[in-house]
Amino acid sequence: MEKLVLKDMSLEKQSKYEKKREELHKIMLKYVTNGCIDLIQFREENKAAYTRVPYYFGSITNAINQYGWEKLNRLTNVDNKPVVSFKDRLAHYALSQLKEKYTLQTIGDYFGVSKACVRQLYNALDKNINQ
């Protein structure tokens, strides 16, 4: 679909389009750590750029996949109060049990994510559950 859009554009428009994509990529890179992008922080700190991503990439997910990143899933707050669901408590418990027997790298390899993503997920769960 992207090829069709660019095919119908003039060379000047294509150049501007690609420059905007590059600008968005540079902005998004500020929120990437060890291959994981923190979308919540990106959206909070850069609302204008966040809302332009679907126009230039098709969707947030397409942009993330194009650059080979993972989404960093953080717990969200409602009225600045942590929301700790049963699913989150269960995930925290399961990760705690897995960490006793396996390394973070082994856990990440099993689930197809990086060691850093496992650590970030565990730390986010741990922080919100233990508040």
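Among the residues of the stretch 88-131, those that are closer than 15 Å to Gly35 by Cα, of a type in the set (D, E, K, R) and either buried (at least 17 other Cβ atoms within 10 Å of the Cβ) or touching a helix residue (DSSP H, G or I) at 6+ places or on another chain (Cβ under 8 Å) (or both) comprise Lys115, Arg119.
Screening the stretch 9-19 for residues that are assigned to a helix (DSSP H, G or I) and without any contact (Cβ under 8 Å) to a residue 12 or more places away in the chain and picking the one that is surrounded by the most Cβ atoms within 10 Å (Cβ to Cβ) gives Gln14.
Residues that are small (Gly, Ala, Ser) and over 22 Å from Ala124 (Cβ atoms) were ranked within the stretch 20-62; the one that is surrounded by the most Cβ atoms within 10 Å (Cβ to Cβ) is Ala49. Given the conditions (1) modelled with pLDDT of 90 or more; (2) in contact with a Pro (Cβ under 6 Å, 6 or more places away or on another chain), and given that Ala116 satisfies all but one, which numbered condition is not satisfied? Condition not satisfied by Ala116: (2).
Taking each residue of the stretch 102-119 that is among the polar types (S, T, N, Q) and looking for partners that are modelled with pLDDT of 90 or more with beta-carbon atoms closer than 7 Å, six or more apart or interchain, yields Gln105/Lys115; Ser114/Gly108.
The values are calculated or read from the model by the stated rules, or taken from the named source; none is laboratory data. Keep in mind that this is a model prediction, so the values were computed, not measured. Here Cβ is always computed from backbone atoms with ideal geometry, including for glycine, and neighbour counts include all displayed protein chains.
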